[in-house]
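Below you'll find the structure, written out as structure tokens, and then a few comments.
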Amino acid sequence: MSQSPTILEKRLYTATATATAGRDGRVSTDDGNLNVAVVPPRALGGSGAPGTNPEQLFAAGYSACFGSALGHVARAQKITPGPVSITAHVTIGPVGQGFGLAVELIADIPQLPREQAEALLHAAHQVCPYSNATRGNIVVDLRLKER
């Protein structure tokens with residue numbers, strides 16, 4: 001049974017990016033703040049030339065957004081988590097006739113007790129826009145960095 005798509009109550013911000021030539025071209029934003037070469041990684045037959053790829057861009061966006069969601073939840077719960085870092089591993093692989101993604105999010109929250117950090121991690125997963133967009137579509141594993 002599929003979910004109904006989420007309808008925004010209010011549009012707060014719209015990012016606009018344009019890619020030319022797919023995985024072997026460039027991607028840039030309309031404000032000029034991002035303008036990078038896109039190249040396939042060696043693991044996908046690329047030359048290893050300097051540049052990024054869609055999976056790295058997704059990992060960067062998801063980790064940054066998730067970190068902000070975690071901060072939001074911490075503030076709402078009146079928790080001071082200390083320095084937090086989120087590492088996203090985004091993996092691409094075959095699914096049926098096409099391709100799919102899998103994500104692992106690793107949170108480093110060293111100043112909180114493990115149980116409290118895990119609760120915060122799972123609460124952030126409920127409010128993060130990337131988590132909400134991927135939920136039910138791809139596997140997203142959450143874990144705390146080993147201490």
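Here are a few things to note about the model shown:
- Using Cβ point charges alone (K and R +1, D and E -1), the dipole size of the chain about the Cα centre works out to roughly 160 debye.
- Residue 13 versus residue 133: modelled label distance in nm, points set 7 Å from Cα along the beta carbon direction: 1.3
- Angle of helix 114-127 to the longest C-alpha principal axis of the chain, folded into 0 to 90 degrees and rounded to 10: 50°.
- The phi-based Karplus calculation (6.51 cos²θ - 1.76 cosθ + 1.60; θ = phi - 60°) puts the 3J(HN,Hα) values of the range 29-40 at 9, 5, 8, x, 6, 10, 7, 10, 6, 10, 9, x Hz, whole numbers, x for Gly and Pro.
- Between 117, 64, 76, the GNM of the chain built on Cα springs shorter than 10 angstrom shows 76 fluctuating the most.
- Each Cα pair under 8 Å and six or more residues apart adds its sequence gap; the mean of these over the residue count of the range 70-147 is a relative contact order of 34 percent.
- Comparing 25, 61, 71 in a Gaussian network model of the chain (Cα springs below 10 Å), the most mobile by mean-square fluctuation is 25.
- Sites listed here are chymotrypsin sites (Phe, Trp or Tyr not before Pro) in the range 50-123 whose DSSP assignment is loop and whose Cβ has at most 10 other Cβ atoms within 10 Å, and the list is empty.
- Near the amide H of residue 144, within less than 5 Å, lie the amide hydrogens of 107, all on another chain or at least 5 residues away, with H placed in the peptide plane.
- Amide proton proximity set for residue 52, modelled H, under 5 Å, gap of 5+: 37, 38, 39
- Vicinal HN-Hα couplings computed from phi for the range 4-19 (Karplus, 6.51 cos²θ - 1.76 cosθ + 1.60; Hz; Gly/Pro x): 6, x, 6, 9, 5, 6, 7, 8, 8, 6, 10, 8, 10, 9, 10, 10
- Diffusion coefficient, µm² s⁻¹, Stokes-Einstein with Kirkwood Rh over alpha-carbon pairs of the chain at 4 °C and 1.567 mPa s: 75
- Candidates 51, 96, 22: whichever shows maximal mean-square fluctuation once the chain is modelled as a Gaussian network with Cα springs under 10 Å: 96
- A simple spin-label model places pseudo-atoms 7 Å from Cα toward Cβ; at residue 145 and residue 26 they are separated by 3.5 nm.
- Angle of helix 54-76 to the longest C-alpha principal axis of the chain, folded into 0 to 90 degrees and rounded to 10: 20°.
- For residue 66, the shell of other residues with beta-carbons less than 14 Å away shows a net charge of 0, using +1 for Lys and Arg and -1 for Asp and Glu.
Coordinate-derived values only; no laboratory data. Just so you know, these numbers come straight off a predicted model, no measurement behind them. Neighbour counts run over all protein chains shown; Cβ positions are idealised from the backbone, glycine included.
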